[in-house]
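Undergrad: Quick one: the structure is below, and I'll ask about it shortly.
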Amino acid sequence: MTTQEIQRLGSAKPFEPFRVLTADGQAYDVRHPEYLSQTPSGRLITIGLDDDSAVTLDLLRVTSIQKPLPQRGR
């Protein structure tokens, strides 16, 4: 995953929610563009979660993106 790909997904018009998958098997949903931010270098991203917490990920650990976002409960 590259910084440019994440920037493209986060700024898409219209925005389409997506899921970020990591090397350790975790999945994080980006449901709105305001829930996604990047450090100036672009290597780290932060994803806001539904429970008002957030996770920060190193893009080197991101293995893939799922689009469209799978339906909740699946």
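The values are calculated or read from the model by the stated rules, or taken from the named source; none is laboratory data. Computed from a predicted model, the values in this text were never measured in an experiment. As a convention, Cβ positions derive from the backbone with ideal geometry for all residues, glycine included, and neighbour counts pool all protein chains shown. To get the accessible areas, we keep the full protein, side chains included, count just its heavy atoms, and leave off ligands, DNA and RNA. Shrake-Rupley method; radii C 1.70, N 1.55, O 1.52, S 1.80 Å.
Undergrad: Of all the residues that make up the stretch 30-64, how many are basic (Lys, Arg) and in contact with a helix residue (DSSP H, G or I) (Cβ under 6 Å, 6 or more places away or on another chain)?
TA: The total comes to 1.
Undergrad: When you go through (1) among the aromatic types (Phe, Trp, Tyr); (2) open to solvent by 50 Å² or more (accessible area, probe 1.4 Å); (3) out of contact with any Gly (no Cβ under 9 Å at 6 or more places or on another chain) one by one for Phe15, which number turns out not to apply?
TA: With respect to (1) among the aromatic types (Phe, Trp, Tyr); (2) open to solvent by 50 Å² or more (accessible area, probe 1.4 Å); (3) out of contact with any Gly (no Cβ under 9 Å at 6 or more places or on another chain), Phe15 is out only on (2).
Undergrad: Quick check on this structure: which one of Gly10, Gly48, Gly25 is loosely packed, with under 14 Cβ neighbours inside 10 Å and small (Gly, Ala, Ser)?
TA: Gly25
Undergrad: Determine the pairs where a residue that is free of Cβ contacts under 8 Å to residues at least 60 places away in the same chain and among the small types (Gly, Ala, Ser), located within the stretch 41-53, has a partner that is part of a strand (DSSP E or B) and open to solvent by 50 Å² or more (accessible area, probe 1.4 Å) with Cβ atoms under 6 Å apart, the partner being 6 or more residues away or on another chain.
TA: Final answer for the pair search is Gly48/Ala54.
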